[in-house]
Amino acid sequence: MNVTHRAADMLGVAGLVVAFVCWRPNLPHAGPPLISDDPHTVGPGVVQPIFAVSTFSQGEETLLRGPTADITIGLVDSLDATVVASLASVHHASESPRWTLSGLFAVGVKWEFFRRERGSLAFSPALIMDSMDARDPAGLLPLEGELTVGRGKVAIGFDIGYIPVRHDAHEWFVALYSSWAATARLNVLSELWILSFGALGAAEIGRPVGTELGTSLGVDYGIAGNAFRLLAALGTGLVSVDSPRVDVLGYLGTQYTFGSRRDRWRRTRPPRFD
């Protein structure tokens, strides 16, 4: 797998590792199906599985990732545990064999260390293992931030991440996103992302630095009281430096939420005087 597709795998984890549960009807948020993720934790007692497939096509190679299982478990109000397991198949148009198969596994946490009524910040480190490079695990060190604007139907935010890889080129990404709660069930999502492949350590391993600027659009639609949600996104590269342009980046998944954010609900509920 070339360095660009390995970065796509890591960024797929960045989008899959953590997700925000809609504990009220259709709050705007990021996370899957986007590359970028929002800073919100799901809350204690909440379990949120996501099952998805995704694709990443660039030059003569196409990455198909799936089935992917992404599970988020709320430990305390500001801390989640995350587990992601996925199959990854890469098609090489001009190589033999044309198909290679690997497995991706990641464990991590999300710590929402700063929270206010209109904004918050979170740190979401993860350890990533690829079966094709089991001796060279990677880290994921992202910082997420979000601000709600207007009357609370629009959110804007960022996701900045650094990906150190053992014995290999380190990478990074920057994503800016917006989310609009168009209806009680539908969120419309957009993002602008920059991916850098081998930005650090490239000279030591003899690989060129590759950087890609792209954009994605997505939808997040709630069914059955918003507990069950459909997630979909489609993106493409706009400008590429020292690497083939990304042709297609796609995501399709389903999300289900068990439990409720009881502690936050209590804080916002008016007192009773019986």
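Of the listed requirements (1) closer than 30 Å to residue 91 by Cα; (2) of a type outside the set (A, V, I, L, M); (3) in contact with an Asp or Glu (Cβ under 6 Å, 6 or more places away or on another chain); (4) modelled with pLDDT of 90 or more, residue 110 misses just one: (1).
Tell me, which residue of the stretch 144-174 that is among the small types (Gly, Ala, Ser) and touching a helix residue (DSSP H, G or I) at 6+ places or on another chain (Cβ under 9 Å) is modelled with the highest pLDDT? Among residues in the stretch 144-174 that are among the small types (Gly, Ala, Ser) and touching a helix residue (DSSP H, G or I) at 6+ places or on another chain (Cβ under 9 Å), the one modelled with the highest pLDDT is 161. Against the test of being in contact with a helix residue (DSSP H, G or I) (Cβ under 7 Å, 6 or more places away or on another chain), at pLDDT below 90 and not polar (S, T, N, Q), the options 258, 197 yield a single qualifying residue, 197. Among the residues of the stretch 70-98, those identified as farther than 23 Å from residue 141 by Cβ and assigned to a strand (DSSP E or B) are 87, 89, 90, 91, 92.
Pairing each residue of the stretch 59-77 that is more than 11 Å from residue 89 (Cβ to Cβ) and β-branched (Val, Ile, Thr) with any residue that is at pLDDT 90 or above and buried (at least 17 other Cβ atoms within 10 Å of the Cβ), provided the two are 6+ apart or on different chains, yields C-beta distances under 6 Å for 68/52; 68/86; 72/42; 72/48; 72/80; 72/82; 76/44.
So that you can scan it fast, the table gives a plain yes or no per residue for (1) buried (at least 16 other Cβ atoms within 10 Å of the Cβ); (2) more than 16 Å from the chain's Cα centre (by Cα):
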site: 141; (1), (2): no, no
site: 146; (1), (2): yes, no
site: 159; (1), (2): yes, no
site: 170; (1), (2): yes, yes
site: 173; (1), (2): yes, no
site: 179; (1), (2): yes, no
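Selection of the stretch 62-94 for residues being small (Gly, Ala, Ser) and either surrounded by 18 or more Cβ atoms within 10 Å (Cβ to Cβ) or at pLDDT 90 or above (or both) yields 66, 69, 74, 78, 81, 85, 86, 88.
Counting only strands (runs of 3 or more DSSP E) wholly contained in the stretch 99-175, the ones carrying 2 or more residues that are over 26 Å from residue 190 (Cβ atoms) and either of a type outside the set (Gly, Ala, Ser) or free of Cβ contacts under 8 Å to residues at least 60 places away in the same chain (or both) occupy 99-115, 126-130. A residue that is surrounded by fewer than 22 Cβ atoms within 10 Å (Cβ to Cβ), on the phi < 0 side of the Ramachandran plot and modelled with pLDDT of 85 or more occurs somewhere in the stretch 25-44.
The values are calculated or read from the model by the stated rules, or taken from the named source; none is laboratory data. Bear in mind the structure is a predicted one, so any value in this text is a computation, not a measurement. With ideal geometry, Cβ positions are generated from the backbone for all residues, glycine too; neighbour counts draw on all protein chains shown.
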